[in-house]
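Following: one structure in structure tokens, then a few remarks.
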Amino acid sequence: MVKKPLEITLIGILTLFILLPFIPLVIWSFTKHWPWPLLMPENWTIESWTYLFSISGRAFEGILNSFIVAAIALLGNIVLGIPAARALAQNEFIGKNIVFSILLAPLFIPYTISIIGMHDFALRLDFLNDYVSTAIAHILVTLPYFVATIWFQYRLMGKKLNEAASILGANEWKIFLWIEFPLLVPSFLLGSFLVLVVSYSQYLPTWIMSGGTLLTLPLVIFPYANSGNSSIVSAYSLLFFAPILLLLIIYFLLLRINNRKNTNESR
Amino acid sequence: MSNGLNEDGLKMWEKNRLRVQLNSYKGLLGILPALLFMLFFFIGGSFHALCLSIGSSHQISLLGEEDLLWAYKELMNPSFFQSVAVSVGIAAAVAVLSGIIGLLTAIFLATKSARWKWLHIIFQLPIGIPHLLAAYLLIQVFMQSGWYSRIAYYFGWIDKLEEFPVLVHDEWGIGVLLAYMWKEVPFIVLLIYPFILKLISDWRDQARALGSTFSQTVRWVIIPILLPMWVGGMWVVFAFTLGAYEIPALIASTSFRSIPVEAFHEYSQFGLERQPIAIAMNVVLAVISLLVGSLLIYMQMDWYKRGRRVW
């Protein structure tokens, strides 16, 4: 490679561009007053953090609501997504491309319009509870990611092991449980991680589906972010990262356990 | 007697044939729930919203006349066309820029050894961070009184706050562009990096044996194979940026009229009568994305026909 210094500089700029914004966020969450042009504030306080977990801060409520919706959405993804991905990866049939593109459509076409329609449906049905209807909207948004991830792993797996097992007399469920699923675990974890994170960060679908009443974390934070109270927003943002970080750690731990189990078994 | 047996045998044969047929289709059954879900909610929901925007009874009773397309007629004005141009322009800019930067970054990462592993982690950080917070993070640093302007002051590059360029709430949407890039470049990298890694390991030696430099390998091998996926990724970014609300709502100035922000404003603040307008705006966005997608698919087919030639 000829242009090495240039390359390194560009990557360096990009890295700083990604990383640096986190620093003032942490600083802001521990101070109330931080005038320009000070690089560091002079007075530190934890007021914002105490406000967050007070009743008017609604932090716990937000986390709990987000968690419930994301959990329902993940469940829906698993029930709908795994069979679909499996069928798409293992069968050839007429119109497969059309089916696949319908399943992935929310990635390629802005989905706000269909969520407005769904909200009107839900209003007419009336018996759906806010958690469920919001989770349905989140499933719509996340299903493409999940199906694509699982589909990809199924393609890598191929059908050979299935055929061997079915010749040996295993039924479909046994094949899925003992052959496919263990091989699927890494992409299953990645897909679930994506679903949880994407569901967790939705603002507009949650707002539209619940009419602005189901306070998930993004809905709690948005008004603050618009009002410009830097200290409180920063604290909220860091709080927002906590579950994501936790999920990431769980993801890597599970992945590692899975890998270790596999190497032990192969010994 | 023999006739009865025959009938039984026929029945059994019929049953068996059915079972074989069922078995070959059973694998396909798994698609049904997800397909029905998408058909019902995504396509049905869009269709329902479309109907709401066309046949709004509220408006008919208010005006005393039947004007089914009033919402769309109301959109037929220069200021909305300008909004369309702004939204499409920023979405296209974000898609193309993050596509190019993402590709270059992915190639860079793929050619580096395991010692650079930490870079991957950094480049995956923004994936987990919601757009709402990405917007806020970038406001925090790029504001005129933000952290970067303080650093610039510290180094003596500027003396007054006003000397720092206006990057947030600016007229040209630079802040919006920066915030989207912060989110979407890592997305493109995540999407294409595994493929580039595999392509390089598959083709590098062969290309080198044939006497090509690395940049020639990229131009003649990697890009032609990767093009459909890369362009697909840019389409995803385009469609997302076109329809997303949080970043323009927080970073753009009020004169920067992006459609999602306007539509949500109409939807949430002016009551039911204005809802058809909000839907109509979103219909326009969906149609644009569909058109761009069809164009891309057509171009791809044409490209396959011409033997995957790249420029």
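Conditions tested, residue by residue: (1) without any contact (Cβ under 8 Å) to a residue 24 or more places away in the chain; (2) exposed (fewer than 15 other Cβ atoms within 10 Å of the Cβ).
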position: B:LYS160; (1), (2): yes, yes
position: B:PHE164; (1), (2): yes, no
position: B:HIS169; (1), (2): no, no
position: B:VAL189; (1), (2): no, no
position: B:PRO194; (1), (2): yes, yes
position: B:ARG204; (1), (2): yes, no
position: B:PHE214; (1), (2): no, no
position: B:ARG219; (1), (2): no, yes
position: B:TRP230; (1), (2): no, no
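Out of A:ILE82, A:ILE55, report the one residue that is in a loop (DSSP other than H, G, I, E, B), over 13 Å from A:LEU196 (Cα atoms) and either of a type outside the set (Lys, Arg) or within 14 Å of another protein chain (Cβ to nearest Cβ) (or both).
A:ILE55
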Count of region B:97-129 residues which are open to solvent by 60 Å² or more (accessible area, probe 1.4 Å) and without any contact (Cβ under 8 Å) to a residue 24 or more places away in the chain = 8
Spot the failing condition for A:ALA73; the list is (1) free of Cβ contacts under 8 Å to residues at least 60 places away in the same chain; (2) part of a helix (DSSP H, G or I), and only one is missed.
-> (1)
Scan (1) at pLDDT 95 or above; (2) within 14 Å of A:PHE188 (Cβ to Cβ); (3) facing chain B (nearest Cβ under 9 Å) for the single condition A:LEU75 breaks and write down its number.
-> (3)
Filter result (at the interface with another protein chain (Cβ under 7 Å from one of its Cβ atoms) and in a loop (DSSP other than H, G, I, E, B)) within region A:16-37 | A:LEU20, A:PRO21, A:TRP36, A:PRO37
Tell me, which residue of region A:6-15 that is open to solvent by 50 Å² or more (accessible area, probe 1.4 Å) and within 10 Å of chain B (Cβ to nearest Cβ) is modelled with the lowest pLDDT?
-> A:GLU7
Give the residue that is farthest from B:GLU246 (Cα to Cα), with candidates limited to residues of region A:232-265 that are more than 11 Å from chain B (Cβ to nearest Cβ) and of a type in the set (S, T, N, Q).
-> A:ASN264
For B:GLY271, the lone unmet condition from (1) touching a helix residue (DSSP H, G or I) at 6+ places or on another chain (Cβ under 9 Å); (2) more than 8 Å from every other protein chain (Cβ to nearest Cβ); (3) of a type outside the set (Asp, Glu) is (1)
Considering every residue within region A:203-210, establish whether at least one is among the aromatic types (Phe, Trp, Tyr), open to solvent by 20 Å² or more (accessible area, probe 1.4 Å) and in contact with a Leu (Cβ under 9 Å, 6 or more places away or on another chain).
-> yes
Considering every residue within region A:47-58, establish whether at least one is within 20 Å of the chain's Cα centre (by Cα) and either open to solvent by less than 70 Å² (accessible area, probe 1.4 Å) or farther than 18 Å from A:LEU104 by Cβ (or both).
-> no
Considering only residues of region A:16-43 that are over 21 Å from B:LEU178 (Cα atoms) and in contact with a Leu (Cβ under 6 Å, 6 or more places away or on another chain), which is least open to solvent (accessible area, probe 1.4 Å)?
-> A:SER29
Please verify whether region B:267-286 includes one or more residues that are assigned by TED's automatic domain parsing to the domain that holds B:VAL96 and either assigned to a loop (DSSP other than H, G, I, E, B) or under 22 Å from B:TYR193 (Cα atoms) (or both).
-> yes
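Residues that are facing chain A (nearest Cβ under 9 Å) and small (Gly, Ala, Ser), at least 2 per element: which helices (runs of 4 or more DSSP H) completely within region B:71-151 meet that? Lay out the reasoning, then the answer.
Details: elements: B:78-111, B:117-124, B:131-142.
The qualifying helices (runs of 4 or more DSSP H) are B:131-142.
The values are calculated or read from the model by the stated rules, or taken from the named source; none is laboratory data. What you see is a predicted model, and the numbers here were worked out from it, not measured in a lab. Cβ: placed from backbone, ideal geometry, glycine included. Neighbour counts: every protein chain shown. We work out accessible area using only protein heavy atoms, side chains counted, and drop any ligands, DNA or RNA first. Shrake-Rupley method; radii C 1.70, N 1.55, O 1.52, S 1.80 Å.
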